[in-house]
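All remarks here apply to the structure that follows.
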Amino acid sequence: EAALEDLNRVLDLDAHYFGAWMSRGHIHIQLGHLDAAWTDFGQALQIANGHSDALLGQGEILRRQEQFDEALTVFSAVLNEMPEHLGALISRGETYRQIGQYQEALADFNRALEIQDQWVDALAGRGATFAALEWFDEAARDFEKASELAPHDVDVWAGRGDALRQAGRLGEAVTSFSRALDLVPNHFWSLLGRGVALRTDNDLGAALEDF
């Protein structure tokens, strides 16, 4: 909220400051104010017509609103102009994954990793896609690499734990979920995942504590 107040003051002083509209749009997305974010990115596009980052912002809003066809249209339009745009590849890959088009998702994540092989979002997205395909060992490998690159990312540790659990590597799964819970003690999916892994491993007392 304090950041929004500062950005509002900046825009009062200079309503044509592209960066302030973009920053405010991303903050509104984080706060769940999607209509306000759409307006902010629209203002940015009035200043810089066709700017890829502003278009991606609007595409992300469409994705969060589950307007998947419209989101894919936006991301694909950016990629038509900039085929190696990492943000567009990852956003389109995530959208394909959400709607169950897993091969298309893998193609986008693989392309992103060809461009930048240490891109955490691409590794995590591909890992989640592998998990959806029930290719759990492949998923675990991607999340393991992502966790090495982003050791403070709770979602990466939770994803790693889930992939390891479904691969039957229960001890490693518990360790991964515990790392996530060290970062965010009440992280719901990590508590649930660790509880399920402990229950599967017949450590019922510890599982009850998580549940």
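The values are calculated or read from the model by the stated rules, or taken from the named source; none is laboratory data. Since the model is a prediction, treat every value here as computed from it, not as a measurement. Positions of Cβ are generated from backbone atoms using ideal geometry, with glycine treated the same way; all protein chains shown enter the neighbour counts. With ligands, DNA and RNA removed, areas are computed over all heavy atoms of the protein, side chains included. Shrake-Rupley method; radii C 1.70, N 1.55, O 1.52, S 1.80 Å.
Estimate the FRET efficiency between residue 33 and residue 110 by the formula 1/(1 + (r/R0)^6), using the beta-carbon distance for r and 35 Å for R0, to the nearest 0.05. Can you show the working numbers first?
Numbers: r = 34 Å, r/R0 = 0.97.
Plugging the Cβ-Cβ distance into 1/(1 + (r/R0)^6) gives 0.55.
Of all the accessible heavy-atom surface of the chain, with the other protein chains kept in place and a 1.4 Å probe, what percent is carbon and sulfur?
On the way: 5310 of 11190 Å².
C and S atoms contribute 47 percent here.
Express the accessible area of the range 8-77 per residue in Å², computed with a 1.4 Å probe while the remaining protein chains stay in the model. Please list the in-between numbers first.
Working: 3820 Å² over 70 residues.
Solvent-accessible surface per residue comes out at 55 Å².
Which semi-axes, in whole Å and largest first, does the equivalent ellipsoid of the chain have when worked out from the alpha carbon gyration tensor as the square roots of 5 times its eigenvalues? Could the numbers behind the result be given before it?
Details: eigenvalues 253, 91, 36 Å².
Taking √(5λ) for each Cα gyration eigenvalue gives 36, 21, 13 Å.
Ignoring solvent entirely, what values of log10 I(q)/I(0) come out of the Debye formula for the range 159-211 at 0.13, 0.26 Å⁻¹ when each Cα is a single scatterer?
-0.23, -0.92
Is it possible to state the helix-based mean residue ellipticity at 222 nm for the chain, with each DSSP H run of 4+ residues giving -39500 (n - 2.57), the sum divided by total residues, to the nearest 500 deg cm²/dmol? What is it?
Details: 13 runs with 168 residues, N = 211.
One gets -25000 deg cm²/dmol as the mean residue ellipticity at 222 nm.
Counting only protein chains, not ligands or nucleic acids, how are 210, 40, 137 ordered by accessible area (probe 1.4 Å), most first? All intermediate terms of the calculation are to be shown ahead of the outcome.
Numbers: 210 25, 40 0, 137 75 Å².
From most exposed to least exposed: 137, 210, 40.
Sticking to Cα atoms, compute the Rg of the range 42-142 to one decimal and its Dmax as the biggest Cα-Cα distance, whole number, in Å.
Rg and Dmax of the range 42-142, Cα atoms, are 13.7, 47 Å.
Using a Förster distance of 30 angstrom, determine the FRET efficiency expected from the C-beta separation of residue 2 and residue 67, and round it to 0.05. The partial results should precede the final answer.
Numbers: r = 31 Å, r/R0 = 1.04.
For residue 2 and residue 67, the calculated efficiency is 0.45.
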